[in-house]
């Protein structure tokens, strides 16, 4: 499936978004036709269990500019996004979620900023009225905490919605880590990156695919992937409570010398439980980093591709990512 490079690629990770796919295709196609001489829409089905794949196949049958990538199972949003970024071939790449909370109609404004010299144009949410108060507060707190821990400044109130140059994308694709926080990885690259403020829309259809548990996991990947500060915090806590323990020993010896007895079972239990909790906390941090080292050392593929559909050609060879567009060949089977 050898393909020439285009001006714009729109990369959309998708999981159980059957209700919004057709509207997504309509809006993205319209804006790309207005501002690009040639484009493709790369939609990555991340192991959907609803009717998403059948809807996507129907759309691909009517629009040769749609490229479908079906992963072998649900690998998660960040890896599905990585698969689309590996496959796409545009000189500029727009990252977009399938829920349409980030309006594709901002592409012309992003293109103008890139024409002026930017290598990355990221959407910065001016308002998030469609989201719950809990999510807004936790997201704000997370970005503030993250920027206190990491050595680079990751833009607050910015998701994965962004336009990237091929140069920036090529640099990103040289970062092979498994636990991925793509927006942080893009920031880490450097280059000229500028914001575009916008108001985030409500979800077009369906329910969010990022419950609290996934948000916490993503936040943990972000912190452990871009900072060793938690390890330093663990060391500082160990030193601090070692000093407190030493002071407790001196107090116990003094009490024994003065009164011929050791003061209080209660104080002893408080100290033991407190030190035990701190030890478990420190071990948990060490275990998290050790787990990342073990996962990376296995060097397993980031994802497996079950099927690629482009126009009237279906490639079922199966690929292990990361994979480059030039490595993808047609299996010769026709839809």
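Key figures
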quantity: Conditions (1) without any contact (Cβ under 8 Å) to a residue 60 or more places away in the chain; (2) within 23 Å of residue 321 (Cβ to Cβ); (3) surrounded by fewer than 18 Cβ atoms within 10 Å (Cβ to Cβ): number failed by residue 57; calculated: (1)
quantity: Failed item, numbered, when residue 16 is tested on (1) assigned to a helix (DSSP H, G or I); (2) closer than 20 Å to residue 99 by Cβ; calculated: (1)
quantity: The stretch 6-26, residues that are out of contact with any strand residue (DSSP E or B) (no Cβ under 6 Å at 6 or more places or on another chain), farther than 22 Å from residue 314 by Cβ and surrounded by fewer than 16 Cβ atoms within 10 Å (Cβ to Cβ); calculated: 23, 26
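The numbers here are math on the coordinates, done by the rules we state, and not lab data. From a predicted model like this one, the values you see are computed outputs, not experimental measurements. Here the Cβ is made from the backbone with ideal geometry for all residues, glycine too, and neighbour counts use every protein chain on show.
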